[in-house]
Amino acid sequence: MYDIRSLDANEFIDHAEIMSSLEEGKKAALNRAVVESILEKAASYQGLTHREAAALLYVEDKEILERMYALARKIKEHIYGRRIVMFAPLYLSDYCVNNCRYCGFHASNRTVRRRLSQEELREEVLALEKLGHKRLLLEAGEDDKNCPIDYILECMRTIYDTKLHNGSIRRVNVDIAATTAENYRKLKEAGLGTYILFQETYHKPTYEFMHKGGPKADYEWHTEAMDRGMLHGGLDDVGIGALFGLYDWHYEVMGLLMHAEHLEAVAGVGPHTISFPRLLPAEGVDYSAYKLVNDSDFKHLIAVTRLAVPYTGMILTTRESAEFRRELLDIGMSQMSAGSCVGVGGYAHPGREVPGEAPQFRLADERKPEDVLKGLVRDGYLPSFCTACYRSGRTGDRFMPLAKSGEISNCCQPNALLTFKEYLLDYADGELKALGERMIETEVGQIARESIRVRTLDYLKRLEAGERDLRF
Ligand code: SAM
Ligand code: SF4
């Protein structure tokens, strides 16, 4: 039975509640007055319940769909401005004891595996710092023997300690398998930014079909991970996601929103981010059994999520093509990765493939980060390398009031400008410098509060004079 506050995965992600929300949603989508009232609520930045969002998932009318996209764009610009936070994934280890059918790392898929030594990791970090990255997402398969928690903690220390000229990694997010409260506490103590774990699918029978062996096959253990982390492991910043393509996308959106509502109810704060990985071809994976999501449905579900959770960061990955990423940024995404490598050791030694060792999946956007940034700036987006909130302790329930009060624009906007300026000074070529400087000049002029504008101008000068890491 549905119980938002229950700590049993089968009750806070209740199948009957999802089915009934979707059934009612189908009917509501045909009722113009109901749809209008839901859109009106979304337009006031209050967010939507999963039941309200269900109705929008079934809207087919082209004109209403276009209005939903326009509203998603407006909400995004109101809360996030034109900023896009940049990050890069870093694969530490592809050892994995699980047998997730869709993943190239699954246990029975290959014989050659490896994990980075601390020396190799340092090389990877230096290569990422040379690209200007400040925020990383660590990725690893699950294998307690070959990749225990102590190894992850050691890697985090190495990453924070590895610096090149002005380069440093200032925020380390981690995407590793569901683990114990004790391990979450250790990650937090080692300087974890956001703990990210994708549910893959909220549909339990599909989950059980997709995960044939290993600890991840335990649906409850996986689905209740954020509760363990937030209620007992000291986590205050978590990111959820569903791997679109495993099951019906309407169902997955309900799961994501119910999960977010549940975390807010029991931990006092919802997820900091939602990621939208979409299933991509991987070596040794048969796609005939999947429910792949087409572009227009994907865009539809992303817009509905933006309306439902206006203050939650939304993450787009290089799984999407450059062209399509532009469309999705427009309707709600606030973070994206650039220049990603999804194999172990690929930044320092690109192209040095170990025979038998394929990356986790094939990427759709393989542009260099600098080209991604040029594209963003040309489209009017402001790339941000900011990590200030996390480092000033503005996380979890301390971040949300900032976001909701609108103060975010007096803080995130100047910080984005400052970190982009650092990037231009330290890493950009002439073309990007020219594009970026023009953008910074325009954007500074638009900072509403005079005291902030003056201070931003002062900080920009100090960056030019060689200082780094100035922030609000
Ligand atoms: N091993 C950890 C786990 O599974 O939770 C975390 C790291 S795993 C490398 C990160 C994510 O990659 C998985 O959660 C899954 O959603 C995604 N993934 C796996 N196979 C994929 C594929 N073929 N296409 C797109 N994403 C995939
Ligand atoms: Fe292992 Fe994660 Fe891939 Fe599953 S998704 S096989 S747990 S790396």
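Remarks
- Coil-residue trypsin sites (Lys or Arg not before Pro) of the stretch 82-190, DSSP, other Cβ within 10 Å capped at 12: 145, 163
- Each stretch of four or more DSSP H residues adds -39500 (n - 2.57); spread over every residue of the chain, this sum gives -13500 deg cm²/dmol at 222 nm.
- With every protein chain in place, the stretch 1-150: carbon and sulfur % of accessible area (1.4 Å): 53 percent
- Each residue of the chain gets 133 Å³ once the volume of the Cα convex hull is shared out per residue.
- Antiparallel bridge percentage (DSSP; both residues within the chain; nearest 5): 10 percent
- Each Lys or Arg adds one and each Asp or Glu takes one away; over the other residues whose Cβ falls under 13 Å from the Cβ of residue 118, this sums to -4.
- Straight-line cross-link partners of residue 41 among the lysines, defined as a Cα under 26 Å from its Cα and at least 8 positions apart when in the same chain: 26, 27, 62, 74, 76, 299, 404.
- Summarising the label geometry, the points placed 7 Å from Cα in the beta-carbon direction at residue 41 and residue 283 lie 4.9 nm from one another.
- Rounded accessible area per residue of the chain, 1.4 Å, Å²: 39 Å²
- Taken about its Cα centre, the chain carries a charge dipole of about 1200 debye when Lys and Arg each add +1 at the Cβ and Asp and Glu each add -1 at the Cβ.
The values are calculated or read from the model by the stated rules, or taken from the named source; none is laboratory data. Note that the structure is predicted; figures quoted are calculated from it, not measured. Note that each Cβ is placed from the backbone with ideal geometry, even for glycine, and that neighbours are counted across all protein chains shown. Surface accessibility is based on the protein's heavy atoms, side chains included, excluding ligands, DNA and RNA. Shrake-Rupley method; radii C 1.70, N 1.55, O 1.52, S 1.80 Å.
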